[in-house]
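Remarks on the structure that follows.
The values are calculated or read from the model by the stated rules, or taken from the named source; none is laboratory data. None of the values given here were measured: they were computed from a predicted structure. For neighbour counting, all protein chains shown are included, and Cβ atoms are generated from backbone atoms with ideal geometry for every residue, glycine included.
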Amino acid sequence: MKRRDALAGLVAAPWHGAFVTGLWAQTAAPTLEALLPAWAAWKLAYLTAEGRVVDVLQQGASHSESQGYGLFLAATFADRAAFDSILGWTELNLAIRPDALLAWRWLPDAVDQVADRNNASDGDLFYAWGLVTMAAREPSAELLTRATAVATDLAARCIVPHPDGSERMLFVPAALGFDRDGATIVNLSYYMPLAMRQVAAATGVAVLSRCAADGEALMAALAAEGLMPDWIQVGPSGTSVVEGMSDRNGYEALRIAPFLVWSGNAAHPAVARQVGAYRVAAVERLTPTVMDRGTGAVIENSPDAGYAALAALLDCVEGTIPGAALPEFTTDQPYYPATLHLMMLIAQITVYPRCHPL
Amino acid sequence: MKAGLALVVSLVIAVGTVARAQTVQEDVPTIDLTPMLEGGDHPILSDVPEEVQVDIPHLDRVVVDPADLREPPEMVLSMQAEEAGRILRITGETGGTKLFLDLPDVSVADRLFLSYRTSVDILPDRSQLRITVNGTDTDPVTPVSTDRFQKLDLPVELLVAGRNEITVAVTQAHRIYCGPEASFQTWSEFDLNASGVTLKASRFALNEAWLRTALIAQAASGNGVPLRGGDALSVTARADLALRLSGAAGGWLRPESGYGPAAAATDLMRISVVLGGAPGISLRRGAGGAIVLALVPTPEGALPPGMDAYLPQPVSMADLPAVSPGQTVTLEALGFPDTSSANHYSRQDLRFRLPDSWLILASQRAYLTLTYAFTANLPEGTVLLVKINGRALQLLPLDKNGGAPRPPLEIEFPARLLHPGANELTFEATVPGDPPDLPCSTPLGPFLTISGQTDLTVPVSPRMQIVGMGPTLLAIPRSGVGLAPDHAGQDDILAQLALMAQLQPIDGQSLDPEASLTVVSLSSADQVPAGELGLNVRDLTTILSVPVGGAAVPEKEVLPSVDWGTSAGAILSGVRSMARPGDPELVDWLTGRTGEAVLLMPDGAVPAKLWLVVGPGSDPAKVARAVAEARMDPAGPRGQVAILGPDGSWQDWHSAAAAPVLQEPLSLMNFRFVAGAYASWDPLYFVLVLFGLTAVSVLLALIFVVTTRGGRKQ
């Protein structure tokens, strides 16, 4: 696919169509306009005037994930001012690596605010997705070139061959630190298939798209065993638990099924697994956030609405009845569930209109 | 950070290529992507240290370290009261109220509690709350004075399935003073939204009984009943829904997107229009445990069949007791039985209704025969004030001759103090402290009883009316509440829906299918016809463009300026204002007045067409409630323009030019009353007419005399 075609495809995507074609009039199925108040609230709660997306739970840090998420949201809502501020702050403070990727964390109170130059591939991926999304809306060679640089370096540094020697590839969490004696540590929630495919299409870095497909296949294999793990080690002879790291279905893995659903892959077995576990564990107004991967036993739960939104959208998508128990967006929750919350509402409007909030 | 995930692998690695040292600029950065565009070696790689620390990126998502799984938050099913408002205040040394709680299944209740606070002036040692639950006394409570509401636990085991009745009786003493002022300062408040039972959300079963319970509680919360996806319903369907909702719980629809940001309060229930599938109704579980009445409308946007099972059609509400002119009626027959007073300040009101076509402007008299009794030895200065529609009729001393039956006292008063429509009779008693500068030594106890055998006689009048909004308000059907043709924003729709919900039919009052009330927000005020009033958008903007709560009433009535020494016109104007009593010209009356909404009848010749202009920032539900309650309010809108103040009261303007209209044939029997009415309405006009008739009579007499005398000469 040529880049121009890919960009045209982005523009034609449902969430862009809502803006470009000016479908602001009230219709039965809401457009992204319905989320503008929520977006405004998100900005007020988590975005500083300088363009820093603050994650209070991480010592008030900003990280490539929060900046990438924020950039993508700003592009989705066609909020050029927010987009520019996030981009500007990120370029100034996190784009300090020798490659085009972002240093993964900026600590406001540290002497050396970016002590670690390692990257986080999910942050880079969303950052690139935000760039191509805005470039599709307001054609910009600069943005597209920057996105291409990120995608190129992401492919070069964070996509590695499968240790089994096959042609399959893995998306590693960072450029450094995830090799273990010939095996590779993977965080499956760093895969966002839709983002990988759209960035690949827009930038021409096709390996991202192929890597997304391999990741989905890996997830399907793991779904046969149970819920998705937070971290998994992939070796020449298969997968195994990473020593010293969580193999629970926790705060990392809870993104996997929603990202698959958002990517249009609702039939993926990992989705059915996650929905099944949520349904068994259902407790009103509390959402499991950490579950045993094998048994689905709830280890931690949370009243935060963002986690409930994940479960509600999955439940609706997996079923056939219109309407979902999607909570209204609220900033009465930390950055992470709030951002996932907003993303789920975007996914609902753009991909699953029948799952509108009950 | 969790131990398992806390692994931070600090790797010290050699970085072959180095990065630019981090630079933080003070100014807002401009984005220069040029280096990225140039490709090749990064131009900013020259001054980075040889070794940097690299961690495995990991972010901790846990808010707190949960030792155990959290318990789900509880929901509160709140209490209801007969009185309006969610904060009930009991003022005075004694008082009480009755609360209700509907509970389909008593086993789901975890905790029953009442949220209260008291004035800082009360003396706890001599104050007490006595509460019964379904007739069973609970332990008396000595209140604690705080400025915050506090929860008082009640025995949950006293609850029963169905309707529960909780009575509250308070005894409260002022800690410093005694007397009417002190009585005002002793009060207790009950927050109904924070009173009720707690229960797990999952215990709201998905059935009609729980839907009704949740609906009543949601409606009573004052937050309205959320409606999601309402755009998919036709206007008729929305009106029908609003109507049914008011019938079920007196609630009003609050359209919302469902996407937030969420309000602070948790919804117990909501209505959602579901897209897809065959038309039908189901009960679903929404976010937060709310019961959702899910409606799949017809392709035309009509409500699905079977609504009656969930939201039945509304029933009408009881009207004020009616008084028939010319007939003596006891207060007991009007719903006012023997009533005792026990506070240093006490007030009892009785509202009743006179026919809309009843009108007396002249000197006819009405009679109140007061039967009452009071105890002996009341402090000097104890008085009973009898009022009609806020105007004092009689001040009766109660500090002498008490303790013995009193003969009925006939109070004669001008019947013109009464209105067509709603009226209010008030008994106000004040007992000075003895002494006033010390706490009351003993509770006052019941000291005055107004007998229900007190009777009222209102004289008959010819069927007459002065044009005004009162009768129209009573006659507007819900279907008559509409939007301006070229409307309309969300505010207009909100106000319309709220009004549709609030305008519950009143027993015995016939509706006029031609009567209408058109709702507009200030931004659509150009839709309001100027009519004979001549009000324009600028006038309405001046009235309504003030911060909510900042409405004003002129300190004194603004009358047309009269400068006797300047011009004949001013003199004429002054004479005119005296000759035709009533409100000044509208433009003068409006000076300095502001409010949250304006209700008006643009054209007196078309009295069935009313308009409501809702100010920016006004609460549509509050405005709607005020309009609906105005139908029972003696101080409600009666003229052609009324401004709603922030306290819910109306400032009402009557056109002095609006003449009484006789609605029956003029006859010898009614001539005197009719003439009196016209003479009272416009004395100058009446005098001029009489003068003309006299002049004609004199002229005719002169002609007769001259003509007759001339005949005799011949």
Review point. What are the residues in region B:123-162 that are hydrophobic (A, V, I, L, M, F, W, C), in contact with a Pro (Cβ under 7 Å, 6 or more places away or on another chain) and farther than 15 Å from B:Ala173 by Cβ, if any?
Key: B:Val133, B:Ala161
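Do the conditions hold for A:Ala272, that is, is it closer than 30 Å to A:Gly165 by Cβ, part of a helix (DSSP H, G or I), more than 9 Å from chain B (Cβ to nearest Cβ) and small (Gly, Ala, Ser)? So that I can check it myself, show each step before the final result.
On the way: closer than 30 Å to A:Gly165 by Cβ: no; part of a helix (DSSP H, G or I): yes; more than 9 Å from chain B (Cβ to nearest Cβ): yes; small (Gly, Ala, Ser): yes.
No, not satisfied.
Please tell me if A:Phe178 is under 29 Å from A:Arg117 (Cβ atoms), buried (at least 24 other Cβ atoms within 10 Å of the Cβ), within 14 Å of chain B (Cβ to nearest Cβ) and under 15 Å from the mean Cα position of the chain (by Cα). Step through it out loud before you land on a result.
On the way: under 29 Å from A:Arg117 (Cβ atoms): yes; buried (at least 24 other Cβ atoms within 10 Å of the Cβ): yes; within 14 Å of chain B (Cβ to nearest Cβ): yes; under 15 Å from the mean Cα position of the chain (by Cα): no.
When the stated conditions are applied, A:Phe178 does not pass them.
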Exercise for review: Would you check which residues across region A:74-87 are within 14 Å of chain B (Cβ to nearest Cβ) and hydrophobic (A, V, I, L, M, F, W, C) and list them?
Suggested key: A:Ala74, A:Phe77, A:Ala81, A:Ala82, A:Phe83, A:Ile86, A:Leu87
Revision key, fill the gap. Selection from region A:282-303 of residues in contact with a helix residue (DSSP H, G or I) (Cβ under 8 Å, 6 or more places away or on another chain), more than 8 Å from chain B (Cβ to nearest Cβ) and of a type in the set (Gly, Ala, Ser) yields A:Gly296
Revision key, fill the gap. The one condition B:Leu211 fails out of (1) in contact with a helix residue (DSSP H, G or I) (Cβ under 7 Å, 6 or more places away or on another chain); (2) farther than 23 Å from B:Lys622 by Cβ is (1)
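Based on what the data block shows, is A:Leu92 more than 7 Å from chain B (Cβ to nearest Cβ) and buried (at least 20 other Cβ atoms within 10 Å of the Cβ)?
Numbers: more than 7 Å from chain B (Cβ to nearest Cβ): no; buried (at least 20 other Cβ atoms within 10 Å of the Cβ): yes.
Taking the combined requirement at face value, the residue does not satisfy it.
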**Study point:** Members of region A:199-220 found to be buried (at least 19 other Cβ atoms within 10 Å of the Cβ) and not in a helix (DSSP H, G or I), listed by number
**Key:** A:Val205
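Could you list, in sequence order, the residues of region A:219-277 that are of a type in the set (Asp, Glu) and at pLDDT 95 or above? Don't jump to the end; show me each part of the working.
Applying the first criterion (of a type in the set (Asp, Glu)) to region A:219-277 yields A:225, A:230, A:243, A:247, A:252.
Answer for region A:219-277, where residues must be of a type in the set (Asp, Glu) and at pLDDT 95 or above: A:Asp230, A:Glu252.
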Review point. Out of (1) within 10 Å of another protein chain (Cβ to nearest Cβ); (2) surrounded by fewer than 15 Cβ atoms within 10 Å (Cβ to Cβ); (3) at pLDDT 90 or above, the odd one out for B:Pro299 is which?
Key: (1)
Check your understanding: Tell me, which residue of region A:247-281 that is crowded, with 24+ Cβ neighbours inside 10 Å and of a type in the set (S, T, N, Q) is farthest from A:Glu65 (Cα to Cα)?
Key -> A:Gln274
Point to revise | Members of region B:259-275 that are at the interface with chain A (Cβ under 9 Å from one of its Cβ atoms), among the aliphatic types (A, V, I, L, M) and closer than 18 Å to A:Ala38 by Cβ | key: B:Ala262, B:Ala263, B:Ala264
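I want to confirm something. Restricting to region B:633-672 and keeping residues that are among the acidic types (Asp, Glu) and over 14 Å from the mean Cα position of the chain (by Cα), which single residue is surrounded by the most Cβ atoms within 10 Å (Cβ to Cβ)? So that I can check it myself, show each step before the final result.
First, pick out the residues of region B:633-672 that are among the acidic types (Asp, Glu): B:633, B:647, B:652, B:664.
Filter once more, so that each one left must be over 14 Å from the mean Cα position of the chain (by Cα): B:652, B:664.
On the way: B:Asp652: 21, B:Glu664: 12.
The qualifying residue surrounded by the most Cβ atoms within 10 Å (Cβ to Cβ) is B:Asp652.
Can you name the strands (runs of 3 or more DSSP E) wholly within region B:589-656 that have at least 1 residues being among the aromatic types (Phe, Trp, Tyr), out of contact with any helix residue (DSSP H, G or I) (no Cβ under 7 Å at 6 or more places or on another chain) and under 21 Å from B:Pro477 (Cβ atoms)? So that I can check it myself, show each step before the final result.
Values: elements: B:597-600, B:609-614, B:641-644, B:650-653.
Strands (runs of 3 or more DSSP E) meeting the threshold: B:609-614.
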**Study point:** First in region A:34-63 and closer than 12 Å to A:Ala338 by Cα and of a type in the set (Asp, Glu), second anywhere and at pLDDT 95 or above and in a helix (DSSP H, G or I), Cβ under 6 Å, 6 or more apart
**Key:** A:Asp55/A:Ser66; A:Asp55/A:Tyr335
Exercise for review: Say whether the condition of being modelled with pLDDT of 95 or more, surrounded by 14 or more Cβ atoms within 10 Å (Cβ to Cβ) and within 28 Å of B:Thr339 (Cα to Cα) is met by at least one residue in region B:147-161.
Suggested key: no
Review point. So which residues in region B:359-371 are in contact with a Leu (Cβ under 8 Å, 6 or more places away or on another chain) and either at pLDDT below 95 or of a type in the set (Lys, Arg) (or both)?
Key: B:Ile360
Review point. Can you find a residue in region B:331-341 that is in a strand (DSSP E or B) and modelled with pLDDT of 95 or more?
Key: no
Practice item. Would you please list the contacts, defined by Cβ atoms under 6 Å and residues six or more apart or on different chains, that run from a residue in region A:112-126 that is more than 7 Å from every other protein chain (Cβ to nearest Cβ) to a residue that is of a type in the set (Phe, Trp, Tyr)? Key: A:Asn119/A:Trp104; A:Ser121/A:Tyr190; A:Asp122/A:Tyr190; A:Phe126/A:Tyr69; A:Phe126/A:Phe72
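Taking A:Leu131 as the residue in question, decide whether it is away from every other protein chain (no Cβ under 11 Å), within 16 Å of the chain's Cα centre (by Cα) and buried (at least 24 other Cβ atoms within 10 Å of the Cβ). Break it down into steps so the answer makes sense when it comes.
Values: away from every other protein chain (no Cβ under 11 Å): no; within 16 Å of the chain's Cα centre (by Cα): yes; buried (at least 24 other Cβ atoms within 10 Å of the Cβ): yes.
It is false that A:Leu131 is away from every other protein chain (no Cβ under 11 Å), within 16 Å of the chain's Cα centre (by Cα) and buried (at least 24 other Cβ atoms within 10 Å of the Cβ).
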Check your understanding: Only one of these conditions is not met by A:Ala338: (1) touching a residue at least 60 places away in the same chain (Cβ under 8 Å); (2) over 16 Å from B:Val273 (Cα atoms); (3) crowded, with 24+ Cβ neighbours inside 10 Å; (4) not β-branched (Val, Ile, Thr). Which number is it?
Key -> (3)
Check your understanding: Which number in (1) aliphatic (A, V, I, L, M); (2) touching a residue at least 24 places away in the same chain (Cβ under 8 Å); (3) farther than 15 Å from A:Tyr336 by Cα marks the one condition that A:Ala282 misses?
Key -> (2)
Check your understanding: Among the residues of region A:34-60 satisfying the criterion of being modelled with pLDDT under 95 and either touching a Leu at 6+ places or on another chain (Cβ under 6 Å) or more than 8 Å from every other protein chain (Cβ to nearest Cβ) (or both), which is surrounded by the most Cβ atoms within 10 Å (Cβ to Cβ)?
Key -> A:Gln58
Practice item. Mind listing whichever residues of region B:419-463 are among the small types (Gly, Ala, Ser) and either under 31 Å from the mean Cα position of the chain (by Cα) or in a strand (DSSP E or B) (or both)? Key: B:Gly421, B:Ala422, B:Ala429, B:Ser451, B:Gly452
Check your understanding: Do we have any residue at all in region A:304-317 that's under 17 Å from B:Ala262 (Cα atoms), of a type in the set (Phe, Trp, Tyr) and within 9 Å of chain B (Cβ to nearest Cβ)?
Key -> no
Point to revise | Search result, residues across region A:244-269 that are farther than 18 Å from A:Ala221 by Cβ and in a helix (DSSP H, G or I) | key: A:Leu254, A:Arg255, A:Pro258, A:Val261, A:Trp262
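Residue by residue, here is whether (1) away from chain A (no Cβ under 14 Å); (2) modelled with pLDDT under 90; (3) assigned to a loop (DSSP other than H, G, I, E, B); (4) buried (at least 23 other Cβ atoms within 10 Å of the Cβ) holds:
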residue	(1), (2), (3), (4)
B:Thr236	yes, yes, no, no
B:Leu241	yes, yes, no, yes
B:Gly247	yes, yes, no, no
B:Ser282	no, no, no, no
Review point. Which one of these does A:Leu194 not meet: (1) over 24 Å from A:Arg293 (Cβ atoms); (2) more than 21 Å from the chain's Cα centre (by Cα)?
Key: (2)
